[in-house]
There are 2 protein chains.
Amino acid sequence: MNFLTKATLVIGMSTAIIASAALADGHAKENPAVAARQHQMQMIGYSIGILGAVAKGEMEYDAAMVSGAASNLATLASMDRATLWIEGTEQGAVDGSRAKAEIWSDPDGFAEKFSALGDAATALVGAADAAAVGAGMGSLGGACKACHETYRGPKN
Amino acid sequence: MNFLTKATLVIGMSTAIIASAALADGHAKENPAVAARQHQMQMIGYSIGILGAVAKGEMEYDAAMVSGAASNLATLASMDRATLWIEGTEQGAVDGSRAKAEIWSDPDGFAEKFSALGDAATALVGAADAAAVGAGMGSLGGACKACHETYRGPKN
């Protein structure tokens, strides 16, 4: 699918969807694919936040919460990117995006970053205590940082 | 884990996470688990929106987009609920929630609704054209409605 078709596809999304995404987030001008990616990132951040809070002793260790957060993180990292990282939605092309052009020029590299996040998350499924969670936080944070450094642009 | 512990756990989440969730969504008083669920629902709505737009001819059929939306929908429906549907975050207990108490009193029934959504979504992976997508929209919409009718409370 070429750029024009992708762009048309995004622009052509039903007004109801665009409006609901905009209203829910207070991002009135936001592209729906960008909004969807931000929802994904928020959920990733939420899961990492739980793991980080357990690791730091701010939240009581609970096996179901830790494994749930880790498995959801792996699930989020595994999501199909076709509907989320749509061509023509890079930073500068649409409001709110911080996606660098490298996401589309180097899709394999981008996929590897998500794969590394998924691996780091999966390693924490079944972590037996707060110390075990803490031992995996470096890999998790490193996976976030490695992707952001290469594929995320500066703040808008 | 009893209610008090769950509640403490939510209240005890790191201020940074709570603040980032609140700032990102403009829901200043929102519970982080409620915000995370709303991100999940927004992503579900985004995926269904793509499928619906293809079914209605508002968006050009594209195999990667259709299968991506369907598989992401199945993925979202399969997410671990331990970190999302935390006890003490029902409607009335925390701001922004529309979760009915039945989610916690009937977890198996609630799980079945997500399972039905996942099945309806999986059936659309590989849908060969817009008509095939359209043929599956009834099941998808029915799965949404069945869950909302039983487990979602009125608008806040």
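Each value in this text was obtained by applying a stated rule to the coordinates, not by laboratory testing. Keep in mind that what you see is a predicted model, and the values were worked out from it rather than measured. Note: ideal-geometry Cβ built from the backbone for every residue, glycine included; neighbour counts use all protein chains shown.
Arranged from fewest to most other beta-carbon atoms within 10 Å of their beta carbon, B:Ile50, A:Ile44, A:Ile103 become A:Ile44, A:Ile103, B:Ile50. Distance between the pseudo-spin-label points of A:Ala135 and B:Glu102 (7 Å out from Cα toward the beta carbon): 4.5 nm. For the residue pairs A:Lys113/A:Lys155; A:Lys100/A:Lys155; B:Lys56/B:Lys155, the alpha carbons lie more than 23 Å apart in B:Lys56/B:Lys155. Couplings 3J(HN,Hα) of region A:33-45, computed from phi: 5, 5, 4, 5, 4, 5, 5, 4, 5, 4, 5, 4, x Hz, in residue order, whole Hz [Karplus 6.51 cos²θ - 1.76 cosθ + 1.60, θ = phi - 60°; x for Gly and Pro]. Rounded to the nearest 20 debye, the dipole size of region A:19-152 about its Cα centre is 180 debye, using +1 on the Cβ of Lys and Arg and -1 on the Cβ of Asp and Glu.
Exposure proxy ranking for B:Arg98, B:Arg37, based on other Cβ atoms within 10 angstrom of each Cβ and starting from the fewest, stands as B:Arg98, B:Arg37.
Averaged over the residues of A:44-52, the number of partner chain Cβ atoms lying within 10 Å of the residue Cβ comes to 6. Calculate, in nm to one decimal, what A:Lys145 and A:Ala111 gain on full extension: separation in residues at 0.36 nm each, minus their alpha carbon distance. Roughly 10.8 nm would be gained on extension.
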